[in-house]
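The values are calculated or read from the model by the stated rules, or taken from the named source; none is laboratory data. Nothing here was measured: the structure is a model prediction, and the numbers come from that model. Cβ: placed from backbone, ideal geometry, glycine included. Neighbour counts: every protein chain shown. Ligands, DNA and RNA are excluded from the accessible area calculation, which covers all protein heavy atoms including side chains. Shrake-Rupley method; radii C 1.70, N 1.55, O 1.52, S 1.80 Å.
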Amino acid sequence: MNMNIATTPPSPLTTHVLNTAQGVPGVNMTISLHRLNPISSEWYLLTTGKTNDDGRCPGLITKENFIAGVYKMCFETGKYWDALGETCFYPYVEVIFTISDSSQKYHVPLLLSRFSYSTYRGS
């Protein structure tokens, strides 16, 4: 789902990958978005995409499909570092979070180096 930002409707859930080791956006990183089924406790894949030249992945989910629940963003960090000719300690980063009010906007950035990462709820 590598969409053009100009034609993508705004998503209530956004992310931004920043390569803090080099001070650049995390370009061309694959991200998948999943939602937990509360009855079966199974993760369901909602969408996949790749970060753009600014490290963002527009159009992750539509307002209509964004409901309260537990979500997981999976960042394929190993493939990202491989493409840069580097190794890393964390081949994947999975960020799991709870959405209690789907009418709000949520921003979940990933700050990344080869040996560490951090995330937070932004605005």
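Numerical summary
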| quantity | calculated |
| --- | --- |
| Enumeration of residues in segment 51-66 that are open to solvent by less than 80 Å² (accessible area, probe 1.4 Å) and either in contact with a helix residue (DSSP H, G or I) (Cβ under 8 Å, 6 or more places away or on another chain) or more than 23 Å from Asp101 (Cβ to Cβ) (or both) | Thr51, Asn52, Asp54, Gly55, Pro58 |
| Test: residue in segment 61-82 that is part of a loop (DSSP other than H, G, I, E, B), more than 24 Å from Pro9 (Cα to Cα), touching a Lys or Arg at 6+ places or on another chain (Cβ under 7 Å) and not β-branched (Val, Ile, Thr) | no |
| Restricting segment 83-109 to residues that are assigned to a loop (DSSP other than H, G, I, E, B) and among the hydrophobic types (A, V, I, L, M, F, W, C), the residue that is least open to solvent (accessible area, probe 1.4 Å) | Val108 |
| Residue in segment 33-48 that is exposed (fewer than 14 other Cβ atoms within 10 Å of the Cβ), aliphatic (A, V, I, L, M) and farther than 23 Å from Ala83 by Cβ present | yes |
| Conditions (1) among the hydrophobic types (A, V, I, L, M, F, W, C); (2) free of Cβ contacts under 8 Å to residues at least 60 places away in the same chain; (3) out of contact with any Cys (no Cβ under 6 Å at 6 or more places or on another chain); (4) buried (at least 16 other Cβ atoms within 10 Å of the Cβ): number failed by Leu112 | (2) |
| Residue satisfying condition, being in contact with a Pro (Cβ under 6 Å, 6 or more places away or on another chain) and either touching a residue at least 12 places away in the same chain (Cβ under 8 Å) or open to solvent by 80 Å² or more (accessible area, probe 1.4 Å) (or both), within set Gly69, Gly78 | Gly78 |
| Hey, Tyr106 out of contact with any Asp or Glu (no Cβ under 6 Å at 6 or more places or on another chain) and without any contact (Cβ under 8 Å) to a residue 24 or more places away in the chain or not | no |
| Enumeration of residues in segment 8-45 that are assigned to a strand (DSSP E or B) and either more than 16 Å from Tyr117 (Cβ to Cβ) or among the small types (Gly, Ala, Ser) (or both) | Leu13, Thr14, Ser32, Leu33, His34, Arg35, Leu36, Trp43, Tyr44, Leu45 |
